[in-house]
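*Asks:* Dropping the structure in here first, questions after.
All of the numbers you see were taken from the coordinates with simple rules; none came from a lab. A quick note: this is a predicted structure, and the numbers were derived from the prediction, not measured. Note that each Cβ is placed from the backbone with ideal geometry, even for glycine, and that neighbours are counted across all protein chains shown.
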Amino acid sequence: MFKRQAGFTLVEMLIVLMIISILILLIVPNVSKKSANIHEKGCDALVELVQGQVIAYELDHKKLPADLQSLKSEKYIDESHLSCGNGKKIVMNASGVVSYE
């Protein structure tokens, strides 16, 4: 009278959902930790790029730039080089060393 229909039972579906939930619980925290690490490495690379532009300015003008705005006005860097993607600000001290705060 009733024909057996091929498909998943409720128990099988629950097991699959449980496995997917466990995988999500394991993966999401690791991804957020990696994201912070990626932002920090990107900021380090940006600092090195700006430091290279400070050196280029010094070679061209025979003196250090007064500040990063001087580099920007002379077109050595643009507005996007003044801060990192994670919100940290790029700064330069009096001796021309670039870092972020």
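*Asks:* Once you have the Cα-Cα distance between Ser70 and Ser95, take 0.36 nm times their residue separation minus that, and quote the gain in nm to one decimal. Don't skip to the answer; put the middle values down first.
*Replies:* Values: separation 25, 0.36 × 25 = 9.00 nm, distance 1.47 nm.
Result for the pair: 7.5 nm of gain on full extension.
*Asks:* Right, here's the next one. Using a 10 Å cut-off around each Cβ, can you sort His61, His81, His39 from fewest to most neighbouring Cβ atoms?
*Replies:* Values: His61 11, His81 18, His39 15.
Taking fewest neighbouring Cβ atoms as first place, the list is His61, His39, His81.
*Asks:* From the phi of every residue in the range 10-22, what ³J(HN,Hα) in whole Hz does the Karplus formula 6.51 cos²θ - 1.76 cosθ + 1.60 yield, where θ is phi - 60° and glycine or proline is x?
*Replies:* After applying 6.51 cos²θ - 1.76 cosθ + 1.60, I find 4, 5, 4, 5, 5, 5, 4, 4, 5, 5, 4, 4, 5 Hz.
*Asks:* Go through the range 49-54 residue by residue and turn each phi into a ³J(HN,Hα) via Karplus (6.51, -1.76, 1.60, θ = phi - 60°); whole Hz please, and just put x for glycine and proline.
*Replies:* Going residue by residue, I get 5, 5, 4, x, 6, 4 Hz, with x marking Gly and Pro.
*Asks:* Excluding residues on the same chain fewer than 8 positions from Lys88, give the lysines whose Cα lies under 23 Å from its Cα.
*Replies:* Those lysines meeting the cut-off are Lys33, Lys34, Lys41, Lys72, Lys75.
*Asks:* Ratio of alpha-carbon Rg to the 2.2 N^0.38 Å globular estimate for the chain, to two decimals, please.
*Replies:* In units of the globular-protein estimate, the chain measures up at 2.08.
*Asks:* Here is a follow-up. Given the -39500 (n - 2.57) contribution per DSSP H run of 4+ residues, what per-residue ellipticity at 222 nm results for the chain, rounded to the nearest 500 deg cm²/dmol?
*Replies:* Values: 2 runs with 58 residues, N = 101.
For the chain, the value works out to -20500 deg cm²/dmol.
*Asks:* Sorted from largest down, what three extents in whole angstroms do the Cα atoms of the range 45-101 have along their principal axes?
*Replies:* 33, 21, 17
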